[in-house]
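Derivation of every value follows stated rules applied to the coordinates shown; laboratory data play no part. Since this is a predicted model, take the numbers as computed values, not measurements. We place every Cβ from the backbone using ideal geometry, glycine too, and count neighbours over all the protein chains shown.
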Amino acid sequence: MVRLKVRRQDGDRVWHETFDVKDTPEMSVLEALFYVQERLDGGLCFRYSCRGAVCGSCAMLINKVPRLACRTQVSSVKNEMNVDAVKWGALARPVVKVAKDEILIEPLPNFNVIRDLVVDMEHFYDLLDYIKPWISAGDEVPKGGNLMSPEVEQQIEVYTNCILCATCHGACPAAGRDEMYLGPAALAKAWRFYLDPREQEKDKHARLEAVDNQSGLWGCDVVFKCVAVCPKKVTPTQGILAQRRQIPKNRIKKVFKRGKNSED
Ligand code: FES
């Protein structure tokens, strides 16, 4: 048996409820929630789709750590409450009393709750839209096609693995403070498109300028919480730092270009 302590919410009413679940050796937290929904409380709300760590819709806070419920085995988080919740900063709040044998399940932080464990993702997608997550290639295809070197492909691949589950956003202290902060997922994607050789040079510059501010690259605390929780091993902080380093390089390029044009 395993005991789940689940944060429930219906409008302004918030409460915690415990459920005893008959666990099996390979049971995931998502399956434990199915057990509750099917046998104990049909009203429990949570989101899922693929059940295989692909769609990213089952992200939630499990023992104060943002994780995918379908990818987290009950056995790995059972008796885990030796987890130092304090190290998760804002995520540790509100402090909830949990018995050693309970698994604490809460909705993803930094999002408004719609009901129980279901959060409103709309703002997250709006932030993503801001960075224009698409290639703005020109009409002309270069001779020989748009080729990508294996090195660039490797650099980009780290970021294309993102499944937009928003665990990074839920773990991010800057996103918790400032809802206008673009957040790790959007900023990592911005770098992915910057790196893409199909993107035209002028669009790359515009892309970087759009995130060169406090709501973008400079809002990051560089505490690597997003990297620590990503189930797909994406490294948003590294992408943010790479863009910060790229900004002065682009400025120098611009100055040289201006100098060259005036000489001509
Ligand atoms: S249900 Fe799709 S990632 Fe968990």
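How high is the FRET efficiency from Lys202 to Cys50, r the C-beta distance, R0 35 Å, rounded to 0.05?
For Lys202 and Cys50, the calculated efficiency is 0.35.
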Could you give the dipole magnitude of the chain about its Cα centre, charging the beta-carbon of Lys and Arg +1 and that of Asp and Glu -1, in debye to the nearest 20? 720 debye
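With a cut-off of at most 15 other beta carbons within 10 Å, and DSSP calling the residue loop, which GluC sites (Glu not before Pro) in the stretch 10-56 qualify? Please list them.
On the way: sites: Glu17, Glu26, Glu31, Glu38; in loops: Glu26.
Filter output for the stretch 10-56: Glu26.
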Project the alpha carbons of the stretch 121-198 onto their principal axes and report the range along each, largest first, in whole Å. 47, 25, 16
Above-threshold pairs, the threshold being 24 Å between Cα atoms, out of Lys204/Lys249; Lys132/Lys202; Lys143/Lys204; Lys64/Lys189; Lys97/Lys232: Lys64/Lys189; Lys97/Lys232
On the principal axes of its Cα set, how long, how wide and how thick is the chain? Give whole Å, largest value first. 77, 37, 32
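Expressed as cubic angstrom per residue, what is the convex hull volume of the alpha carbon set of the stretch 188-244? Display every interim value, and only then the final one.
On the way: hull volume 4.1 nm³, N = 57.
Per residue, the Cα convex hull of the stretch 188-244 comes to 72 Å³.
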Please name which of Val21, Ile62, Pro150 has its Cα lying farthest along the dipole of the chain towards the positive end, using unit charges on Cβ (Lys, Arg +1; Asp, Glu -1) and the Cα centre as origin. Pro150
Can you find, among His123, Gly176, Phe46, the residue sitting farthest towards the positive end of the charge dipole of the chain, where Lys and Arg contribute +1 and Asp and Glu -1 at Cβ? Gly176
Report the FRET efficiency, 1/(1 + (r/R0)^6), for Met1 and Lys233, where r is their Cβ-Cβ distance and R0 is 35 Å, rounded to 0.05. 0.60
18 Å cut-off, amide nitrogen to a point 7 angstrom out along Glu179 Cα→Cβ, residues in the stretch 206-222: 215-216
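Given +1 on the Cβ of Lys and Arg, -1 on the Cβ of Asp and Glu, and no further charges, what dipole in debye does the stretch 133-264 carry about its Cα centre, rounded to the nearest 20? Let's see the in-between values first.
Numbers: 20 positive and 16 negative charges, 69 e Å.
Around 340 debye, computed over the stretch 133-264.
About the Cα centre of the stretch 93-158, how large is the charge dipole given +1 on each Lys and Arg Cβ and -1 on each Asp and Glu Cβ? Please answer in debye to the nearest 20.
Numbers: 6 positive and 13 negative charges, 60 e Å.
Computed about the Cα centre, the dipole is about 280 debye.
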When the convex hull of the Cα atoms of the stretch 2-115 is projected onto a plane and the area is averaged over all directions, what value comes out in nm²? 6.8 nm²
Mind jotting down a quarter of the surface of the convex hull over the alpha carbons of the stretch 94-161, in square nanometres, one decimal? 8.9 nm²
Evaluated at q = 0.09, 0.14, 0.17 Å⁻¹: base-10 log I(q)/I(0), Debye formula over Cα of the stretch 42-171: -0.38, -0.75, -0.99
Principal axis box of the stretch 121-263, alpha-carbon based, largest edge first, Å: 49, 32, 26
